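Structure first, commentary second.
The values are calculated or read from the model by the stated rules, or taken from the named source; none is laboratory data. What you see is a predicted model; the values in this text were computed from it and never measured. Cβ sites come from the backbone with ideal geometry, for glycine too, and all protein chains shown count toward neighbours. Heads up: the accessible areas ignore ligands, DNA and RNA and are worked out on the full protein's heavy atoms, side chains in. Shrake-Rupley method; radii C 1.70, N 1.55, O 1.52, S 1.80 Å.
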Amino acid sequence: GNLKSGIEWFEHAAEAPAPTPDEGFAVLYELAAGLEQLGEAARALAILLELDADAGNYRDVRKRIEMLTREQAGSRE
């Protein structure tokens, strides 16, 4: 129920070594999703870019990167 608290836990989990790469990717993906929900698009985008570099074609990461990049470009105009 408390998104901010959940984000903090995902941040802690992202700092710890993951048992498997896929589990680490899942934590980063969920962290980015939570940040996006909180309106922290720039932080979400940074995490998604890192995830794309490390995991390649993971879930809908590239689609979300494109969407957030457009949002960021629109907010600067």
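For the chain, carbon and sulfur atoms together expose 53% of the accessible surface, with a 1.4 angstrom probe and every protein chain in place. Between the Cα long axis of helix 21-37 and the first principal axis of the chain there is an angle of about 40°, rounded to the nearest 10.
Dipole of the chain computed with +1 at Lys/Arg Cβ and -1 at Asp/Glu Cβ about the Cα centre; of 12, 42, 1, farthest Cα towards the positive end is 42.
Compute the helix-to-body angle for 41-55: its Cα long axis versus the longest principal axis of the chain, expressed 0 to 90° and rounded to tens. Helix 41-55 sits roughly 60 degrees off the main axis of the chain.
As a check on your grasp of the helix formula, calculate [θ] at 222 nm for the chain: sum -39500 (n - 2.57) over DSSP H runs of n ≥ 4, divide by the residue count, round to the nearest 500. It would help to have the intermediate numbers written out before the result.
Numbers: 4 runs with 61 residues, N = 77.
Roughly -26000 deg cm²/dmol at 222 nm, from the helical runs in the chain.
Across all Cα pairs in the chain, the calculated P(r) in 10 Å bins from zero up to the longest distance comes to 20, 51, 26, 3, 0 percent per bin. Entry comment: accessible area of the chain is 66 Å² per residue, from protein heavy atoms only and a probe of 1.4 Å. Length available on full extension from residue 2 to residue 73: 0.36 nm per residue minus the Cα-Cα distance, which gives 22.6 nm. Between residue 14 and residue 57, the modelled label-to-label distance comes to 2.5 nm, taking each label 7 Å out from Cα in the direction of the beta carbon.
From most to least packed by mean Cβ count within 10 Å, the peptides 54-66, 23-35 give 23-35, 54-66.
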